[in-house]
Amino acid sequence: MEHNKIQSLDIGDLHVKLPIVQGGMGVAVSLSGLASAVANAGGIGVISAAAIGMTDPGYKKRFHEANKRALQNEIRKARNKTTGVLGVNIMMALTDHEELIRVAIKEKIDIIFIGAGLPLKIPHIIADAGLNGHKTKIVPKVSSAKAASTIFRYWAAKYNFVPDAVVVEGPLAGGHLGFTKEYLAEKMAPLHILVEETVKAIEPFEKTFGKTIPIIAGGGINTGKDMYEIMQAGAKAVKIGTRFVTTHECDASIEYKESYLAASQEDIVIIDSPVGLPGRVVKNKFVQQIMDGEAKPFKCPWKCLSRCNYKEAPFCIAQALYNSATGKMDEGFAFAGAKAFMATEINSVSDVIDDLLAGYKHESILQQVAANRSKKKLEQKRVVI
């Protein structure tokens, strides 16, 4: 294989042309439109299941039923637009995550990415629903090698199998983060260290179960150079969300996308989410108000997040995110990765992927040239000696 030719991604028997996974972004930011476009371009397109029912007219009365119905509809809409690889992102923090997992598997989604918690009992949930024998790949998202090791050990001991792949998400990611606010304020471990540690942690399981378990790295990957460097650290693919927000195909409103274009580096800030996790967002009037301690009283008829106490929460995170996704930026905000301020224009998904691949190739050539020069200098030194 040529040094600058990017490798495809294989997750078990699932073949993906390009090692690019589009991050699942809720609420209503990555639905069938964005997911199908990425899948058509050769990557993995991902639908976010977070509060997806808010796109359904009947969500206020029967929210969980609306979630199941909306997820089913978005998967089917995406399937009608692509024959590529599709995934669903489901947060363990969702009170109906078990139901959503069942819907996704019944719809024969290619991959389920599970984050915002340790998915220790997911295999039992699937088996209990009578869904053994499914072909959907189950891929947990973690923020450390320790978390990955915990999941793999538990699954191996209890169910005699392990996840098909694992996503390592670093501290520069957008949205809810798997790190404490204190950690984010200190010197954070770079993504490549997290990847290297996780590669070592799962190597024993690859040997025991006789399978390759690819690491997918996400958080702060914005260019082809970023992509090349993290894959040199051991990642077999990258997960990118922020770059795909400012695309024509992204399902979010134009106002949401333009908040990225208008943002400076100082506008990308960390807030306290009502779910008890820090979140990275684009600062706007709404964000400033909640940072100043202003409460946004609301009533909650459904409790979509298990860790949210709506009686004490300063605002409804689901409603704020849905507002912004539908263009009401004064009543919400945009989640964003640390490099969102680098966005300068709205492009197509294919343009973004072409740019990533070109950057990857350019960086790989530069590194090969540098390696050849070093080798030549070493050989010349030996001759002199």
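Among residues of the stretch 354-365 that are within 10 Å of MET227 (Cα to Cα) and touching a residue at least 60 places away in the same chain (Cβ under 8 Å), those with a Cβ under 8 angstrom from a residue that is open to solvent by 70 Å² or more (accessible area, probe 1.4 Å) and in a helix (DSSP H, G or I), sequence gap 6+ or separate chain, pair up as GLY359/LYS225; TYR360/LYS225; GLU363/LYS225; GLU363/GLU229.
Yes or no, residue by residue, for (1) in contact with a helix residue (DSSP H, G or I) (Cβ under 6 Å, 6 or more places away or on another chain); (2) assigned to a helix (DSSP H, G or I):
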site: LYS135; (1), (2): no, no
site: ALA148; (1), (2): yes, yes
site: ILE151; (1), (2): no, yes
site: VAL162; (1), (2): yes, no
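Within the stretch 337-369, restricting attention to residues that are small (Gly, Ala, Ser) and in a helix (DSSP H, G or I), which residue is surrounded by the fewest Cβ atoms within 10 Å (Cβ to Cβ)? Among them, the one singled out is ALA358. Checking each residue in the stretch 244-262 for being charged (D, E, K, R) and under 16 Å from ALA28 (Cβ atoms) picks out GLU249, ASP251, GLU255, LYS257. Restricting the stretch 121-142 to residues that are modelled with pLDDT under 90 and surrounded by 14 or more Cβ atoms within 10 Å (Cβ to Cβ) leaves a set whose member that is nearest to GLY87 (Cα to Cα) is HIS134.
Wholly within the stretch 164-251, which strands (runs of 3 or more DSSP E) include no fewer than the required count, namely at least 1 residues that are touching a residue at least 40 places away in the same chain (Cβ under 8 Å) and over 25 Å from GLY276 (Cα atoms)? Strands (runs of 3 or more DSSP E) meeting the threshold: 215-218, 237-240. Here is the figure for the stretch 49-99: residues that are small (Gly, Ala, Ser) and closer than 15 Å to ASP251 by Cα total 6.
Do we have ARG243 as open to solvent by 10 Å² or more (accessible area, probe 1.4 Å), basic (Lys, Arg), touching a strand residue (DSSP E or B) at 6+ places or on another chain (Cβ under 8 Å) and more than 23 Å from PHE152 (Cβ to Cβ) here? No.
Picking from residues in the stretch 197-227 that are of a type in the set (D, E, K, R) and within 24 Å of LEU14 (Cβ to Cβ), the one that is most open to solvent (accessible area, probe 1.4 Å) is LYS207.
A quick yes/no check of all residues on (1) open to solvent by 20 Å² or more (accessible area, probe 1.4 Å); (2) in contact with a strand residue (DSSP E or B) (Cβ under 6 Å, 6 or more places away or on another chain):
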| site | (1), (2) |
| --- | --- |
| GLU229 | yes, no |
| ALA237 | no, yes |
| SER253 | no, no |
| ASP272 | yes, no |
| VAL275 | no, yes |
| PRO278 | no, yes |
| ASN284 | yes, no |
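Filter the stretch 255-265 down to residues that are in contact (Cβ under 8 Å) with a residue 24 or more places away in the chain and more than 23 Å from ALA35 (Cβ to Cβ) and give me whichever is most open to solvent (accessible area, probe 1.4 Å). Among those residues, the one meeting the criterion is GLN265.
The values are calculated or read from the model by the stated rules, or taken from the named source; none is laboratory data. Because the structure is a prediction, the values reported are computed rather than measured. Note that each Cβ is placed from the backbone with ideal geometry, even for glycine, and that neighbours are counted across all protein chains shown. Accessible surface areas use protein heavy atoms only, side chains included; no ligands, DNA or RNA. Shrake-Rupley method; radii C 1.70, N 1.55, O 1.52, S 1.80 Å.
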